[in-house]
There are 2 protein chains.
Amino acid sequence: MTDTAQAASGLGTADSRREQMLRAALEVIAERGYADTRIADVAERIGISPALVIYYFKTKDQLLTESIRYLDNIWYAVGQRRMAELPTAAARIEEIVAMSCLPEADAEPRSSWTLWLDFWTLAARNPEVAGLRQRDDERWREMVSSLVTDGQQAGEFRVVDADNFAILLCSLLDGLAIQIALDDPVVGPERAFDLCMQFIAEQLGFEWKDSQRARNGGYQAGQSNGARQEGR
Amino acid sequence: MTDTAQAASGLGTADSRREQMLRAALEVIAERGYADTRIADVAERIGISPALVIYYFKTKDQLLTESIRYLDNIWYAVGQRRMAELPTAAARIEEIVAMSCLPEADAEPRSSWTLWLDFWTLAARNPEVAGLRQRDDERWREMVSSLVTDGQQAGEFRVVDADNFAILLCSLLDGLAIQIALDDPVVGPERAFDLCMQFIAEQLGFEWKDSQRARNGGYQAGQSNGARQEGR
DNA sequence: CATCTTTGACTGAATGTTCAGTCTAGAAAC
DNA sequence: GTTTCTAGACTGAACATTCAGTCAAAGATG
């Protein structure tokens with residue numbers, strides 16, 4: 001599966017190839033785990049020879065490392081875009097929680113929660129990846145932090161220390177993500193989402209009414225612009 | 001290096017050998033990561049032949065899997081023991097947080113936060129380990145949950161849903177553990193500990209005064225046996 | 001416009017290394 | 001004198017990486 005899509009569509013050359021490989025690598029990592037990902041797997045997935053993979057990325061390590069970077073960037077970009085489309089701080093923060101907890105209808109290869117587990121594990125030993133992860137975490141904390149500040153100025157939220165709150169929330173999200181990634185029978189996506197939102201609403205002192213967010217699909221029933229589709 | 005300590009101390013035969021290997025395995029995993037742990041590393045560490053490792057554990061997989069189980073059990077047992085020694089629910093819950101956040105003076109091989117990252121990553125693909133992890137998580141949640149209930153009955157804590165709180169706290173602890181494991185410059189052990197305790201105190205409605213807990217040194221000055229040194 | 005030349009994408013067949021696991025046989029322990 | 005341990009040498013398979021080219025399109029050259 002998979003290969004055809006792009007392979008058929010003719011994009012053989014140039015940097016689309018690179019990207020194709022990065023994507024394939026992420027898929028394989030998600031399935032087999034970082035450590036068990038072989039160059040041959042990635043190659044096979046897009047129907048090319050292993051040698052070609054090395055042709056583009058000098059080493060296996062480079063391929064995998066770059067694919068992680070790729071994931072990281074995409075994910076952050078998606079976050080930014082979505083934030084921009086939402087009107088209130090409360091809605092934005094809810095979207096962040098949703099991104100962390102709720103699987104999306106259009107399951108991208110970049111999703112798959114287990115990818116983040118591998119990411120963390122890798123960061124523990126690979127300094128380059130460690131730096132990446134750190135920056136990434138910092139970015140999310142800042143996003144949350146400034147969101148909170150905004151919300152406070154707009155009178156949506158009660159006054160609490162934004163930085164501390166950001167650390168708390170981001171850590172909580174990571175922790176919940178583990179449960180979700182590992183399919184914990186007690187802490188599924190919905191429950192994680194609800195608990196987290198309750199926590200936030202309580203901390204920031206705003207009303208949060210459960211329901212609304214119909215599973216996947218969209219982030220908010222009402223709120224107009226039902227368009228957002230996350231192209232691919 | 002390393003070998004000497006135990007090797008010299010005579011415990012050569014029988015099941016102490018097994019345990020010695022399990023410990024060594026954990027050390028190596030902590031250093032090199034689960035995926036990069038070789039049988040030869042474990043053997044070398046205690047100065048034996050790789051073949052001997054296979055003699056005791058039929059396969060590499062078995063060795064590693066068992067070492068994870070070993071870690072899991074020890075950690076939980078330590079938790080139980082410590083809980084038993086503390087008088088109030090508040091103190092117990094603080095100890096749990098400390099165990100999750102604060103490195104201890106007598107750094108056991110079993111510690112090393114990165115071990116947990118590997119544990120989770122492994123659980124994502126290895127059903128056996130997945131079961132282990134799930135049970136483990138459940139145990140901690142129950143511990144917290146019943147702790148909260150106790151505290152409530154004793155009038156120490158305000159009334160909140162104990163199960164939900166347990167999920168929240170355990171997830172938060174996991175999330176903070178990631179930051180700590182990866183040496184995040186912003187979220188170090190102390191800050192994680194403080195933030196977490198503040199959160200708890202607020203949720204459960206009790207007073208928590210920072211100070212007290214002098215960094216490492218274990219939870220309680222006393223503890224006698226200053227001997228245990230864990231060679232290395 | 002027919003021919004060479006160049007260049008970039010790509011492959012299949014080696015090569016070499018790294019390990020897990022086996023096998024043989026010696027030393028202890030009981 | 002079995003049975004339990006243990007080491008050392010060895011095997012076999014799995015891979016990453018290299019190498020020597022193939023192939024086709026794009027430019028030169030005449």
Which residue is nearest to DNA strand C (Cβ to nearest atom), if the candidates are limited to the stretch A:19-59 and must be within 21 Å of A:ALA124 (Cα to Cα), surrounded by 18 or more Cβ atoms within 10 Å (Cβ to Cβ) and away from chain B (no Cβ under 14 Å)?
A:ALA25
Residue list for the stretch B:35-65, restricted to those being of a type in the set (Val, Ile, Thr), in contact (Cβ under 8 Å) with a residue 24 or more places away in the chain and part of a helix (DSSP H, G or I)
B:ILE39, B:VAL53, B:THR65
Verdict on B:SER146 being out of contact with any strand residue (DSSP E or B) (no Cβ under 8 Å at 6 or more places or on another chain), modelled with pLDDT of 95 or more and away from chain A (no Cβ under 12 Å):
yes
Kindly indicate whether B:THR4 is at pLDDT below 95 and more than 10 Å from DNA strand D (Cβ to nearest atom).
yes
Residue within the stretch B:60-75 that is exposed (fewer than 14 other Cβ atoms within 10 Å of the Cβ), within 16 Å of DNA strand D (Cβ to nearest atom) and within 14 Å of chain A (Cβ to nearest Cβ) present:
yes
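Just one of B:VAL53, B:VAL28 is out of contact with any Pro (no Cβ under 9 Å at 6 or more places or on another chain), within 12 Å of DNA strand D (Cβ to nearest atom) and modelled with pLDDT of 95 or more; which is it?
B:VAL53
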So for the stretch B:106-123 (the condition being within 14 Å of chain A (Cβ to nearest Cβ) and over 25 Å from B:GLY188 (Cβ atoms)), does at least one residue qualify?
yes
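Can B:ARG135 be described as more than 19 Å from the chain's Cα centre (by Cα) and either within 14 Å of chain A (Cβ to nearest Cβ) or modelled with pLDDT of 95 or more (or both)?
No.
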Criterion (within 13 Å of chain B (Cβ to nearest Cβ) and over 17 Å from B:LEU172 (Cβ atoms)) met by exactly one of A:GLY188, A:GLY175, A:GLY151, A:GLY155:
A:GLY188
B:ASP194 being surrounded by fewer than 24 Cβ atoms within 10 Å (Cβ to Cβ), within 15 Å of B:VAL97 (Cβ to Cβ) and within 7 Å of another protein chain (Cβ to nearest Cβ):
no
Which of the numbered conditions does A:SER16 fail, given that it passes all the others? Conditions: (1) over 23 Å from the mean Cα position of the chain (by Cα); (2) modelled with pLDDT under 95.
(1)
Check B:ALA91, B:ALA105, B:ALA77 and return the single one that is part of a loop (DSSP other than H, G, I, E, B) and not β-branched (Val, Ile, Thr).
B:ALA105
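The values are calculated or read from the model by the stated rules, or taken from the named source; none is laboratory data. What you are looking at is a predicted structure, and each value in this text was computed from that prediction instead of being measured. Ideal geometry is used to build each Cβ from the backbone, glycine not excepted, and the neighbour counts take in all protein chains shown.
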